[in-house]
1. Enumerate the amide H contacts of LEU103 below 5 Å, restricted to partners 5 or more residues apart or on another chain; note that Pro and chain-start residues carry no placed amide H.
2. Return the Rg/Rh value of the stretch 22-181, two decimal places, where both radii are evaluated on C-alpha atoms and Rh is the Kirkwood radius.
3. Would you kindly state how much longer the chain becomes between LEU180 and ASP96 on full extension, computed as 0.36 nm times their sequence separation minus their alpha carbon distance, in nm to one decimal?
4. Between ARG38 and GLN157, 0.36 nm times their residue separation minus their Cα-Cα distance comes to what?
5. Which shape class, rounded, prolate or oblate, goes with the stretch 65-131 when its Cα gyration tensor gives a ≥ b ≥ c as root eigenvalues, a/c under 1.5 marks rounded, and past that a/b bigger than b/c marks prolate?
6. Looking at the stretch 24-180, send over the antiparallel percent of its DSSP beta bridges, to the nearest 5.
7. Starting at the first residue of the stretch 63-80, write each ³J(HN,Hα) from the Karplus equation 6.51 cos²θ - 1.76 cosθ + 1.60 with θ = phi - 60°, in whole Hz, x for Gly and Pro.
8. If you average the C-alpha positions of the stretch 33-75 and of the stretch 79-118 separately, how far apart do those two centres end up, in angstrom?
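Readers should treat all values here as calculations from the given coordinates under stated rules, not as data from a laboratory. What you see is a predicted model; the values in this text were computed from it and never measured.
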Amino acid sequence: MNGRASRRGFLLGAAALALPLNARAEAAFAPSAATLARPAAPIRDANGLQMRDGDGSPRQIAEFAGKMVVLSLWGPWCLPCRREMPSLARLADRLDPGRAAVLPLAFDWRGAAGVRRFYRETAITNLPVLVGDGDNLKAVLGIENLPTTVLLNATGQMIARVEGEAHWDDDATLDWISGLG
C-alpha cells in the first residue's frame, strides 16, 4: 500500500467519525438482535454481578427481581457499543417497565463520567448510569467481549445472549423478548 492510499483511508475514516453518531449508526447496518440471539449455555446466575450507579452506590440485579432484564455490557470507548446504544434506549421506551428493564452496564476506566458524557453526546436520557468491573463480569457470567447483551429471567438467570452489535428496537426483537417473558 502506498502512502497516498494510507492517507486517503485515514482521512475517509476521520470524516466518518466526524458525522453525528446517529447518522453513522443509520449508515451502518446492524442485524436484528432477534437473529443474533442464542440460548445461554450454560445458564448462569447474574446475581453476583457487581455494579455501581452514577453516584458510586452499589446496585444489585436482585433489585429487578420479577422482571426480565436486558443487560447490555458495553463501553463508551467501543464503537460498535456506541452505535447500538441508541437502539437500546429506544427499546427501553417500548418495553413495559413493570415487566422488563434495560440495564446498560459500562466498562470504562473513566467510570460514570465517561457514561454521562456519552449519554449527553447522544441525547440518551432514559437509561441509568451503571459501571461494572471486568474481572467480576468474567467470573460471574464468563463474558469478556463487548458489546454483549444478555437477557436475564425474573430470577436473574442468564437465559439468552447476543454477541456483537445489534439493532434492538425492531419489531422482531421486541416479539422475541416478549416471548421469553
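1. VAL70, LEU71, SER72
2. Details: Rg = 14.2 Å, Rh = 15.5 Å.
Reported Rg/Rh (Cα atoms, Kirkwood Rh): 0.92.
3. Working: separation 84, 0.36 × 84 = 30.24 nm, distance 1.37 nm.
Result for the pair: 28.9 nm of gain on full extension.
4. Values: separation 119, 0.36 × 119 = 42.84 nm, distance 1.45 nm.
Between ARG38 and GLN157, full extension yields 41.4 nm more.
5. On the way: a/c = 2.01, a/b = 1.64, b/c = 1.23.
Prolate, because a/c is 1.5 or more and a/b exceeds b/c.
6. 65 percent
7. Running phi through 6.51 cos²θ - 1.76 cosθ + 1.60 with θ = phi - 60° gives 4, 10, 3, x, 10, 6, 10, 9, 9, 8, 9, 8, x, x, 7, 8, 4, x Hz.
8. Their Cα centres are 12 Å away from one another.
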